[in-house]
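Q: First the structure, which I've put down as structure tokens, then a few questions once you've had a look.
The values are calculated or read from the model by the stated rules, or taken from the named source; none is laboratory data. These numbers come from a predicted model, not from an experiment. FYI the Cβ positions are ideal-geometry reconstructions off the backbone, even for glycines, and counts take in every protein chain you see.
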């Protein structure tokens, strides 16, 4: 069986019915200017990239494996995708979908992205120049976008939050 290609830059726009052509276009322009860097875009209902590799959807396990191998991961502001990226030891670069551009029904992704940025849980960008700068920085220093995760790929902060919630909900936990 052939080994799957490694993509230093992986982008996921999620599965929302609204296209996120703005992000796919920004990434595709970056990929055009950097043909030496393989880029993969999971583009959902957005227009397919021209210069980057891409697919509308891929199996979740395959996407997680690509994220784990990537140096730079860019995502929309969906909580599930952001947490998937973090659980794989990567600091996500996040762009919230903007309803003014028909990318979503409300501003919750933009608010979530701002929250992540304030709490240093993601690097949030709002324009193409900032995105390009973060990708370039991440490729120049991949360690700057790596997170420490426990051996089972669950970040210690996620485990601490789960333990706290279990205490609040009076749910017994396993002894460690």
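Q: May I ask you to list the residues in region 1-36 that are farther than 22 Å from residue 97 by Cα and buried (at least 17 other Cβ atoms within 10 Å of the Cβ)?
A: Within region 1-36, 7, 8, 34 qualify.
Q: Determine, yes or no, whether residue 148 is at pLDDT below 90 and exposed (fewer than 14 other Cβ atoms within 10 Å of the Cβ).
A: Here the answer is yes, as residue 148 does meet what is asked.
Q: Let me ask something else. Give the number of residues within region 92-101 that are surrounded by 14 or more Cβ atoms within 10 Å (Cβ to Cβ) and out of contact with any strand residue (DSSP E or B) (no Cβ under 6 Å at 6 or more places or on another chain).
A: The total comes to 4.
Q: Let me ask something else. For the structure I just gave you, tell me whether residue 104 is buried (at least 20 other Cβ atoms within 10 Å of the Cβ), assigned by TED's automatic domain parsing to the domain that holds residue 17, within 21 Å of residue 19 (Cα to Cα) and out of contact with any helix residue (DSSP H, G or I) (no Cβ under 8 Å at 6 or more places or on another chain).
A: Considered against the rule, which asks whether it is buried (at least 20 other Cβ atoms within 10 Å of the Cβ), assigned by TED's automatic domain parsing to the domain that holds residue 17, within 21 Å of residue 19 (Cα to Cα) and out of contact with any helix residue (DSSP H, G or I) (no Cβ under 8 Å at 6 or more places or on another chain), residue 104 comes out as yes.
Q: Among the residues of region 1-53, which ones are touching a strand residue (DSSP E or B) at 6+ places or on another chain (Cβ under 7 Å) and on the phi > 0 side of the Ramachandran plot?
A: Hit for region 1-53 is 14, nothing else.
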